[in-house]
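Trainee: Sending over a structure as structure tokens; questions will come in a sec.
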Amino acid sequence: MISERKFSNTFSSFWKQLFPMGEHFVRRLNLACERDAPPLESSMPVNRDKRAVINELAFRFFKEKACNNKVNKKRMNELSNEVISYIENLSFSIPKIYPLTQEELEESVALSNSLPSFFSATDLPSLEFWPSFRGCGSIHACKADIFYKDTLVEVKAGDRHFRINDIRQIITYLSLNFASHQYVINNIELINPRTGLYFQAPVKTIIEESSGKQPVDIFSDIVEFISNEIGSN
């Protein structure tokens, strides 16, 4: 069994065959991004694991605020410790992560403060955080970031453009949903609170422009692959 992230980051031949126009689509996607918040300037050196903690903590701060929970200093420390443990447990190769400095904590707060800009005030109370998808074949049950109305949202807070793997990850969620019929998802949205940019498009547009096929055909191919091919390789 593997995670949806590992699946989207591996099996390159399968993905390239399924989405021959994927890289070209992602280049156009990044050119079409719109800005909803100013970019966050950071003077701190980039440490991958610390950056992961900062980004995840920002998302959890945003979740607390959207749910009208009070985020005082005590709660900040609790969440910070939870996130550090969560990141450390993602892989055996991740070394011990030390508590965030005040500057790192402030960066996390700044990121969380920019996230509401990407949603209307009326939508904030209806955001479903961590929508879960049932596992299928060789892929574990997993959680995306946000679902609201008919839109699946993924937050990527790296200091970078959106990548093909981001699209693959979302398409994996859509394929699991195709198999389980849990949600009605017609649109996807990628948000980067660090750069202040976002991209939104119908599922049908993303699939057709990156593969040349209909969504139902792509989802069926992915479900068949994770159900039959991965375990036999």
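Trainee: Which of the residues that make up segment 41-65 are touching a Pro at 6+ places or on another chain (Cβ under 8 Å) and closer than 15 Å to V155 by Cα?
Mentor: Kept after step one, since they are touching a Pro at 6+ places or on another chain (Cβ under 8 Å), are these residues of segment 41-65: 49, 58, 62, 65.
Scanning segment 41-65 gives A58, F62.
Trainee: Of the residues that sit in segment 4-21 and are surrounded by fewer than 18 Cβ atoms within 10 Å (Cβ to Cβ) and within 19 Å of the chain's Cα centre (by Cα), which one is farthest from I170 (Cα to Cα)?
Mentor: It comes out as T10.
Trainee: Search segment 96-107 for residues that are in a helix (DSSP H, G or I) and pair each with any residue that is surrounded by fewer than 16 Cβ atoms within 10 Å (Cβ to Cβ) when their beta-carbon atoms are under 6 Å apart and the residues are at least 6 apart or on different chains.
Mentor: none
Trainee: While we're on this one: For segment 192-205, what are the residues that are surrounded by fewer than 23 Cβ atoms within 10 Å (Cβ to Cβ) and either out of contact with any helix residue (DSSP H, G or I) (no Cβ under 7 Å at 6 or more places or on another chain) or on the phi > 0 side of the Ramachandran plot (or both)? So that I can check it myself, show each step before the final result.
Mentor: Looking only at segment 192-205, we keep the residues that are surrounded by fewer than 23 Cβ atoms within 10 Å (Cβ to Cβ), and these are 195-205.
Within segment 192-205, T195, G196, L197, Q200, A201, P202, T205 meet the criteria.
Trainee: With the condition kept exactly as written, say whether any residue in segment 89-104 is among the aliphatic types (A, V, I, L, M), surrounded by 17 or more Cβ atoms within 10 Å (Cβ to Cβ) and under 21 Å from the mean Cα position of the chain (by Cα).
Mentor: Checked against the condition, which is being among the aliphatic types (A, V, I, L, M), surrounded by 17 or more Cβ atoms within 10 Å (Cβ to Cβ) and under 21 Å from the mean Cα position of the chain (by Cα), segment 89-104 yields no hits at all.
Trainee: Considering segment 41-84 alone, what residues qualify as being surrounded by 12 or more Cβ atoms within 10 Å (Cβ to Cβ), more than 21 Å from L190 (Cβ to Cβ) and hydroxyl-bearing (S, T, Y)?
Mentor: S80
Trainee: Considering each of A157, A144 in turn, give the residue that is in contact (Cβ under 8 Å) with a residue 40 or more places away in the chain, surrounded by 21 or more Cβ atoms within 10 Å (Cβ to Cβ) and within 28 Å of S42 (Cβ to Cβ).
Mentor: So the residue among A157, A144 that is in contact (Cβ under 8 Å) with a residue 40 or more places away in the chain, surrounded by 21 or more Cβ atoms within 10 Å (Cβ to Cβ) and within 28 Å of S42 (Cβ to Cβ) is A157.
Trainee: Still on this structure: Quickly run through segment 197-217 and pick out the residues that are closer than 16 Å to I164 by Cα and of a type in the set (A, V, I, L, M).
Mentor: A201, V203, I206, I207
Trainee: Mind checking which residues of segment 84-128 are acidic (D, E) and in contact with a strand residue (DSSP E or B) (Cβ under 7 Å, 6 or more places away or on another chain)? Before you say what the answer is, go through the steps one by one.
Mentor: Start the filter on segment 84-128 by keeping residues that are acidic (D, E), which leaves 88, 103-104, 106-107, 123, 128.
If the condition is that a residue be acidic (D, E) and in contact with a strand residue (DSSP E or B) (Cβ under 7 Å, 6 or more places away or on another chain), then D123, E128 are the ones that fit.
Trainee: Scan segment 14-65 for residues that are outside any helix (DSSP H, G or I) and free of Cβ contacts under 8 Å to residues at least 12 places away in the same chain and report the count. Show your work before the answer.
Mentor: Residues of segment 14-65 outside any helix (DSSP H, G or I): 19-21, 33-47.
Those left that are additionally free of Cβ contacts under 8 Å to residues at least 12 places away in the same chain: 41, 43, 45, 47.
Result for segment 14-65: 4.
Quick grid of which residues meet (1) over 18 Å from K6 (Cβ atoms); (2) in a loop (DSSP other than H, G, I, E, B):
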residue: A110; (1), (2): yes, no
residue: N113; (1), (2): yes, no
residue: F162; (1), (2): yes, yes
residue: L174; (1), (2): no, no
residue: L190; (1), (2): yes, no
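Trainee: While we're on this one: Give the residue that is surrounded by the fewest Cβ atoms within 10 Å (Cβ to Cβ), with candidates limited to residues of segment 169-191 that are in contact with an Asp or Glu (Cβ under 9 Å, 6 or more places away or on another chain) and more than 10 Å from L152 (Cα to Cα).
Mentor: Quick first cut of segment 169-191, residues in contact with an Asp or Glu (Cβ under 9 Å, 6 or more places away or on another chain) only: 169-170, 172-173, 175-176, 183-191.
Retained after the next criterion (residues that are more than 10 Å from L152 (Cα to Cα)): 169, 172, 175-176, 191.
Details: Q169: 21, T172: 23, S175: 26, L176: 26, I191: 27.
Result: Q169.
Trainee: Go through (1) part of a helix (DSSP H, G or I); (2) within 30 Å of S12 (Cα to Cα) one by one and return the number of the condition L90 breaks.
Mentor: Only one criterion in (1) part of a helix (DSSP H, G or I); (2) within 30 Å of S12 (Cα to Cα) is unmet by L90, namely (1).
Trainee: Looking at I226 and the list (1) within 20 Å of the chain's Cα centre (by Cα); (2) of a type in the set (A, V, I, L, M, F, W, C); (3) buried (at least 16 other Cβ atoms within 10 Å of the Cβ), which single condition is not satisfied?
Mentor: (1)
Trainee: Return a yes/no flag: does segment 132-155 have any residue that is of a type in the set (G, A, S), under 15 Å from the mean Cα position of the chain (by Cα) and part of a strand (DSSP E or B).
Mentor: yes
Laboratory data are not the source of any read-out in this text; all were calculated from the coordinates shown. Just so you know, these numbers come straight off a predicted model, no measurement behind them. Counting neighbours? That spans all protein chains shown, and the Cβs are built from the backbone with ideal geometry, glycine included.
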